[in-house]
Amino acid sequence: MQPTQIVDLFAGPGGLDVAAEKLGIRTIGVEWDAAACTTRRAAGLDTVEGDVRLYGPSDFPDADVLAGGPPCQTFTVAGTGVGRKALDEVLRFVDRLVAREDREEIEKDLAKLDDERTGLVLQPLIWALDAIDKLDRPYRAIVLEQVPAVLPVWEAYAKALIAEGYQVDCGILHTEAFGVPQTRRRAVLIARFGNEPVTLPAATHRIYRKGVARESGDPRLLPWRTMADVVSRSTAFEVISNYGTGGDPKARGRRGSGEPSATVTGKISRNRVVGTDGTELDRFSFSEAGRLQTFPTDYPWSGKDVGQQIGNAVPPRLALHILSAAFGWGAPSDALLKSLTTWGSRAHPEPPAEDTPAVEGIAQH
């Protein structure tokens, strides 16, 4: 398929939009966070600053693809866990939406959730059903991503979308398996309307395992990429973070520059960077932190809380693979992946032919 425009809900600073624009697809993002909108506008991305609940498919008549990465704070391991506790309730809301229960009653009950952000994970389904029921124009493709704890919600989505005529696949993807120099797991759903089968993208790189040599593993896959591959510093370094430690300062994680980064969070500016001799080095700049997420080196990070913007974003390189799979295209070409390193020119390659690999073999970078 050849998309016309993607409407990206909870668009953040533009991770998915960067990938889409590189694929030659127009995007428009809906984002309530003023800081993220500042970055988006600086990057030249079409943006509606507002609450996705106040808009719907009819407000974006050109969009034939729906994308979204709802807020993850209440679902993530690093958060309060409110979303995980409310998971059964969220799944009941999915059933009620699919059954076309009175929408006003559903919205009243959603307002009763302990944390309103939990209910936002339902917005993409609301938009997808409204496109069918109110416009008689199903989205041609749907792409969603969230933290792994949301996979049961995506599985419920899949069942609902299949009943509406979509082909769907969902599961957990490792970012480093797609050449992102960072270990990060995401629950991803892709759906395409019609009878053509759809599958999640196939890995191009090996999954990182602590203590396992980079050259080890499936010879058909490329080695995982390292922080040093994207962050140019004069010496080797080590990053000390508290990701996954529960805040225990004695359990801080350490990754060397010859390894992928740990998951980039909104607190990345707090991570210490030290030389191999223990010397304190400059902490990551916004550009360096963005590169660990595979944003272009010159991406115009702007506004407040830039570290949080970066940590919340979907890695554009992963998004390239996900979008290509959703549209039935081949894996992104080496040239297309390399184009992610710069943004200022905004020169986007033509999208690959439908169902045709962009290049022979696996991209090398």
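The set of residues from the range 37-89 being among the aromatic types (F, W, Y) and either surrounded by fewer than 22 Cβ atoms within 10 Å (Cβ to Cβ) or at pLDDT 95 or above (or both) comprises Y55, F60. Of the residues making up the range 254-275, those that are in contact with a strand residue (DSSP E or B) (Cβ under 7 Å, 6 or more places away or on another chain), over 20 Å from I207 (Cα atoms) and not in a loop (DSSP other than H, G, I, E, B) are R272, V273, V274, G275.
Picking from residues in the range 170-197 that are crowded, with 18+ Cβ neighbours inside 10 Å and either in a loop (DSSP other than H, G, I, E, B) or among the acidic types (D, E) (or both), the one that is modelled with the lowest pLDDT is R184.
Within the range 200-233, count every residue that is among the hydroxyl-bearing types (S, T, Y) and exposed (fewer than 13 other Cβ atoms within 10 Å of the Cβ). Residues flagged as among the hydroxyl-bearing types (S, T, Y) and exposed (fewer than 13 other Cβ atoms within 10 Å of the Cβ) within the range 200-233 amount to 2. Within the range 6-28, the only residue that satisfies the criterion of being in contact with a strand residue (DSSP E or B) (Cβ under 6 Å, 6 or more places away or on another chain), aliphatic (A, V, I, L, M) and within 16 Å of G344 (Cα to Cα) is A20. Candidates E259, E215: the one that is outside the structural domain of T183 (by TED's automatic domain parsing) and modelled with pLDDT of 95 or more is E259. Against the definition (in contact with a strand residue (DSSP E or B) (Cβ under 8 Å, 6 or more places away or on another chain) and at pLDDT 95 or above), how does N242 come out, yes or no? So N242 fails the test.
Of all residues in the range 126-169, those that are touching an Asp or Glu at 6+ places or on another chain (Cβ under 7 Å) and assigned to a helix (DSSP H, G or I) total 1.
Filtered by the rule that a residue be assigned to a loop (DSSP other than H, G, I, E, B) and within 12 Å of the chain's Cα centre (by Cα), the range 296-336 gives A313, V314, P315.
The values are calculated or read from the model by the stated rules, or taken from the named source; none is laboratory data. The model shown is predicted, which means the values in this text are computed figures rather than measured ones. As a convention, Cβ positions derive from the backbone with ideal geometry for all residues, glycine included, and neighbour counts pool all protein chains shown.
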